[in-house]
Amino acid sequence: MSTARAVQAPAVVVSRSAVDRVAEVWSRLAAVDDPELDESVTELGFVTAVEVDGGSVSIGFRLPTYWCAANFAYLMADDMRQVIAALPWVTDITITLDEHMYAAEINRGVAAGRSFQQTFGNEANGEVEDVRRIFLVKAFQRRQEALLSWLLAQGNEPAMLVRLNMAQLSALASTSTDDDGKTQRLVARYRERRFVVGRCIDEAEQTDEPAFIDTEGAPLNPDGLGAYLRALRRVGVNAEFNGALCRGLLAARYGESCTPASAVEIKPVHFVRTGGSKPGGTFAPPRETRGAAE
Amino acid sequence: MYRTTDGEEIFVIDGHVHLWDGSKANLKNVHGQQFIDCFYAYHSNLSPKEYLWPKEKFDKYGEEAMYNDLFVTGYDDMAICQPTYLTDFYKNGFNTTEANYVLKQKFPHRFIVNGAFDPRDGEAGLDRLEELASLYKIQGVKLYTAEWRGDSKGYKLSDPGVQRYFERCEKLGIKNIHVHKGPTILPLNRDAFDVADVDDAATSFQNLNFIVEHCGLPRLDDFCWIATQETNVYGGLAVVLPFIHTRPEYFAHVISELLFWIGEDKILYGSDYGIWSPKWLIEKFMAFELPESVSKETGVQLSLTAKKKILGLNAARLYGIDIEAQKALLEDVRQPAAVGA
């Protein structure tokens with residue numbers, strides 16, 4: 001008996017470790033966003049499988065249509081490869097995109113660690129960093145609008161908000177009393193994209209930087225804040241609309257059950273104020289202010 | 001014709017319909033299969049259950065079903081056929097001006113048939129455009145910038161050579177340029193859906209109208225911006241409108257953004273038939289009211305006047321349709337569908 005136990009024990013340890021590793025991979029993948037939708041690839045239901053065998057990791061992923069833009073598909077695959085490669089125990093990674101017009105090229109390119117340009121040869125005339133940048137800026141705008149609109153709805157004064165620095169914003173979040181931690185979440189999401197714009201600065205010094213600036217790095221004007229947010233709102237509405245479309249197309253392609261049950265419920269109507277939010281923060285800019293964000 | 005509960009008649013011009021053949025017999029390759037499958041995913045994702053079609057019907061529904069769905073059970077009075085050739089994917093093309101014109105000959109008062117051009121066809125394409133203009137008297141073209149052609153995976157309106165086509169359109173009296181931005185425009189490293197090239201074209205050709213189908217989706221935010229700056233840029237509601245059923249809150253957001261930024265005079269209804277059917281789209285659109293919270297915040301209304309413009313008056317203006325005269329014509333020919341010849 002005791003001999004049998006001794007033999008079995010390592011097997012149990014190995015399998016538990018494999019389970020842990022699979023969980024670790026999923027958790028890392030959750031931090032990879034679809035650049036266009038600004039949502040996690042796991043929450044979107046794009047990742048279909050994670051397998052771990054020792055140090056080898058295999059990841060399966062899919063997209064809502066055969067035609068989804070190749071650059072975003074490549075960026076997601078490459079970002080997944082990078083976050084998994086950073087795990088100390090990983091020795092090799094296979095990422096398999098399925099049923100996509102450029103599946104073969106992307107799978108081969110990512111496996112060989114080739115750049116985007118090398119992967120696509122004549123069909124690209126440079127790297128994808130410009131397009132990545134465009135969508136990082138959009139993510140910044142969307143997250144800033146969601147946060148500012150929420151803070152205003154909570155009754156905060158525009159003049160106070162535009163003067164906050166990053167440390168003060170964190171302090172505001174940690175002392176907020178909203179019941180489900182929404183302020184904290186919105187601030188955390190915003191902080192992840194805040195330094196896409198403005199001065200390039202060491203992380204240690206970021207706390208002194210102004211919390212709210214526009215994409216050009218300029219401070220916000222408290223008097224024009226309503227019109228400014230109205231202009232930004234287009235970006236969020238568009239991303240959420242696309243997110244809904246992509247989820248729907250994925251479900252139509254692979255079946256309703258394909259979207260993860262644990263997915264965060266997306267609340268599209270953040271400017272349709274439902275009961276419960278405090279009055280006083282609603283901006284209704286007059287129509288003639290529509291050009292204010294130029 | 002849609003009749004309100006007060007008895008008011010609303011003349012409906014459907015700005016975006018297709019007569020396609022996505023059947024197995026017409027397929028050239030896997031891309032053709034994936035193309036019609038993708039359309040079917042849009043159909044099944046956004047249609048009400050009672051309006052879902054079996055895939056066989058969807059692949060090739062034919063003239064009779066189309067006439068019936070648009071004008072007999074549906075509320076359309078007229079419809080604009082927007083061709084999508086896709087000759088690299090389908091043996092006889094997917095949805096051609098030629099096939100659309102057969103339909104128009106049977107029902108001349110119901111259909112407006114648009115042509116298409118592809119700037120990659122060079123000089124021969126210009127001749128072909130002349131031919132389309134003389135054969136079919138087209139007033140508009142549909143451009144599908146993502147169409148594959150040999151090694152090319154698409155083009156931009158700012159590409160060299162496109163200008164000559166717009167100049168020829170002006171000369172031939174083709175004044176409505178419907179643009180569908182699709183994915184996979186080369187080079188692949190750039191944003192495949194970028195609408196900035198529409199902006200350039202609209203600025204250079206002030207006498208042409210640019211109707212951006214699907215309101216630039218998935219770049220609706222960028223589209224709103226260029227459309228506010230150009231007086232000759234319009235938004236086609238195909239793909240946006242069906243959200244009214246599955247996700248009315250998104251539809252409320254998007255239509256209010258469109259009303260705010262581009263205004264009710266520049267939005268055109270389109271069903272995108274056979275992806276969706278006019279009957280349910282229009283019933284839901286007429287019944288739809290912007291939530292008070294949205295209209296209060298944006299300061300816009302989706303009034304009955306706005307709905308009438310979107311459903312027909314705006315398209316009538318672009319295509320020179322005298323609605324009263326057209327009503328009288330259709331009254332004369334109104335009869336059960338005698339299709340199938």
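The values are calculated or read from the model by the stated rules, or taken from the named source; none is laboratory data. Being a predicted model, the structure only gives us computed values, none of them experimental. With ideal geometry, Cβ positions are generated from the backbone for all residues, glycine too; neighbour counts draw on all protein chains shown.
Take the conditions at the interface with another protein chain (Cβ under 10 Å from one of its Cβ atoms), outside any helix (DSSP H, G or I) and in contact with a helix residue (DSSP H, G or I) (Cβ under 7 Å, 6 or more places away or on another chain) and apply them to B:Val240. Does it pass?
yes
Checking the condition without any contact (Cβ under 8 Å) to a residue 60 or more places away in the chain, within 12 Å of chain B (Cβ to nearest Cβ) and within 23 Å of the chain's Cα centre (by Cα), which residue from A:Asp180, A:Asp130 passes?
None of the others qualify; the one that does is A:Asp130.
Go through A:Glu145, A:Glu127, A:Glu157 for me and flag whichever is at pLDDT below 90 and either outside the structural domain of A:Phe61 (by TED's automatic domain parsing) or in contact with a helix residue (DSSP H, G or I) (Cβ under 8 Å, 6 or more places away or on another chain) (or both).
Residue meeting the stated conditions: A:Glu127.
So in the range A:39-66, with the set limited to residues that are within 16 Å of A:Arg253 (Cβ to Cβ) and surrounded by fewer than 19 Cβ atoms within 10 Å (Cβ to Cβ), which one is farthest from the other protein chains (Cβ to nearest Cβ)?
The residue in question is A:Gly60.
Which of the residues that make up the range B:54-67 are surrounded by fewer than 19 Cβ atoms within 10 Å (Cβ to Cβ) and within 13 Å of chain A (Cβ to nearest Cβ)?
Across the range B:54-67, the qualifying residue is only B:Lys55.
Kindly provide the set of residues from the range A:187-229 that are touching a residue at least 60 places away in the same chain (Cβ under 8 Å) and of a type outside the set (D, E, K, R), ordered by number.
A:Val196, A:Val197, A:Phe212, A:Thr215, A:Pro222, A:Gly224, A:Leu225, A:Gly226, A:Ala227, A:Tyr228, A:Leu229
Would you please name the residue that is farthest from B:Val12 (Cα to Cα), looking only at residues in the range B:109-123 that are part of a helix (DSSP H, G or I) and of a type outside the set (D, E, K, R)?
For the range B:109-123, the residue satisfying everything is B:Gly122.
Considering only the range A:72-89, I want to know if a residue exists there that is over 20 Å from the mean Cα position of the chain (by Cα), more than 21 Å from A:Val22 (Cβ to Cβ) and in contact (Cβ under 8 Å) with a residue 12 or more places away in the chain.
No; the residues of the range A:72-89 include none that is over 20 Å from the mean Cα position of the chain (by Cα), more than 21 Å from A:Val22 (Cβ to Cβ) and in contact (Cβ under 8 Å) with a residue 12 or more places away in the chain.
Taking only the range A:90-122 into account, find how many residues are touching a residue at least 40 places away in the same chain (Cβ under 8 Å) and part of a helix (DSSP H, G or I).
3
So which residues in the range B:22-79 are aromatic (Phe, Trp, Tyr) and assigned to a helix (DSSP H, G or I), if there are any at all?
Scanning the range B:22-79 gives B:Phe35, B:Phe39, B:Tyr40, B:Tyr42, B:Tyr51, B:Phe58, B:Tyr67, B:Phe71.
Looking only at the range B:256-266, decide whether some residue is more than 14 Å from chain A (Cβ to nearest Cβ), modelled with pLDDT of 95 or more and out of contact with any Cys (no Cβ under 7 Å at 6 or more places or on another chain).
yes
Taking the criterion of being touching a Lys or Arg at 6+ places or on another chain (Cβ under 9 Å), within 11 Å of another protein chain (Cβ to nearest Cβ) and part of a helix (DSSP H, G or I), would at least one residue in the range B:228-237 satisfy it?
Yes: the range B:228-237 contains one or more residues that are touching a Lys or Arg at 6+ places or on another chain (Cβ under 9 Å), within 11 Å of another protein chain (Cβ to nearest Cβ) and part of a helix (DSSP H, G or I).
Residues to consider are A:Val32, A:Val83, A:Val57; find the one that is in contact with a Lys or Arg (Cβ under 6 Å, 6 or more places away or on another chain) and assigned by TED's automatic domain parsing to the domain that holds A:Ser115.
Matching residue, one of A:Val32, A:Val83, A:Val57: A:Val83.
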